[in-house]
Amino acid sequence: MKPNPGISALIIDDDQLSREWLKDLLNKHFSDVVVTALCKNGAEGIKAINRCQPDLIFLDIEMPGMNGFEMLKKLPSLQNEVIFITAHNQYAINAIRFSALDYLLKPVRPAMLVEAVTRAITKIREKKFPAQYRYLLNHLDNPKEDQLHNLAIPIIDGLLFVKLAHVIRCEAENKYTKIFMLGKKMILASRTLAEFEDLLQTSGFIRIHKAHLINTRHLEKYIRGEGGQVVMSDGTYLIVSRRKKDELLQIVAQFR
């Protein structure tokens, strides 16, 4: 399905082949997305953004002189959709994902590009300008204090920003996830449980069952059994699948 007319895009990448490859992919898959400029560094990118006011920016993170994040800091009132491009910078990827932003790994795969651009176009059409760039930069500026302690949760009408310590557990709800918080608050996130599992697996969370992902810091009791059960800080009893029992006990020892 083709997007409505009028999406302007800007590509900022220090590698010429990468710029051209990305432009060709966009031309092939999104005929109504018009690339207005190709920029080889952050300084050129800032000028082009101010001049062209693009709807969508493809921003390489690893660039000499001024990387993508440093460029964003010079644009405090950015009102554009950004898709980051990176070559396996895990630290940057984690920060981007915790901020509920999109990224593409080099070399860019067409299928991943189509998914990311389709999501971006939806946000642009609905004029949901992202508020999480400041959130992302705060993560990066305060790695010890803030990095990976806060999470941007995509919901149907926008984003919620929460502290990971306040998340008790997550429960699968088809293509959505119910997130149970302190204070008996529940958030319906527009992201699958598998995505949260992948995102939070190094932050003290474990999937104990096909339907349940728990924050081990809110685990109050383990009850022995074939797989067993856990009791969470909100009083919820959850079944542990037999194949997850040993992993749960190991992670509990590591994070508690």
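The values are calculated or read from the model by the stated rules, or taken from the named source; none is laboratory data. Since the model is a prediction, treat every value here as computed from it, not as a measurement. Here the Cβ is made from the backbone with ideal geometry for all residues, glycine too, and neighbour counts use every protein chain on show. The area values use the complete protein model at the heavy-atom level, side chains included, leaving out ligands, DNA and RNA. Shrake-Rupley method; radii C 1.70, N 1.55, O 1.52, S 1.80 Å.
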Whole-percent carbon and sulfur contribution to the accessible surface of region 54-135 (1.4 Å, no ligands, DNA or RNA) stands at 58 percent
A 1.4 Å probe over the protein heavy atoms gives region 175-256 a carbon and sulfur accessible-area percentage of 48 percent
Comparing 227, 68, 45 in a Gaussian network model of the chain (Cα, 10 Å), the one with the largest mean-square fluctuation is 227
Across all Cα atoms of the chain, Rg and the largest Cα-Cα distance (Dmax), in Å, are 20.4, 65
Any lysines whose Cα falls less than 26 Å from that of residue 184, other than same-chain ones fewer than 8 residues away, would be 163, 175, 210, 221
FRET efficiency for residue 87 and residue 52 from the Cβ-Cβ distance with R0 = 30 Å, rounded to 0.05, comes out at 0.70
Only helices counted: for the chain, with every DSSP H run of 4 or more residues adding -39500 (n - 2.57) and the sum spread over all residues, [θ] at 222 nm is -10000 deg cm²/dmol
Computed for the chain: size of charge dipole around the Cα centre, +1 on C-beta of each Lys and Arg, -1 on C-beta of each Asp and Glu, debye to nearest 20, value 740 debye
Under the 7 Å Cα-to-Cβ spin-label approximation, residue 178 and residue 25 lie apart by a distance in nanometres of 3.8 nm
Note to self: with every protein chain in place and a 1.4 Å probe, region 18-120 gives an accessible area per residue in Å² of 45 Å²
Note: residue 111 to residue 36 extended length (0.36 nm per residue) minus current alpha-carbon separation gives 24.7 nm
Rounded to the nearest 10 degrees, the helix 42-52 long axis (Cα) sits at an angle to the longest Cα principal axis of the chain of 70 degrees
Helix 245-255: inclination vs the chain longest Cα principal axis, degrees, rounded to 10, gives 70 degrees
So the angle from the long Cα axis of helix 110-125 to the longest Cα principal axis of the chain, reported in degrees to the nearest 10, equals 80 degrees
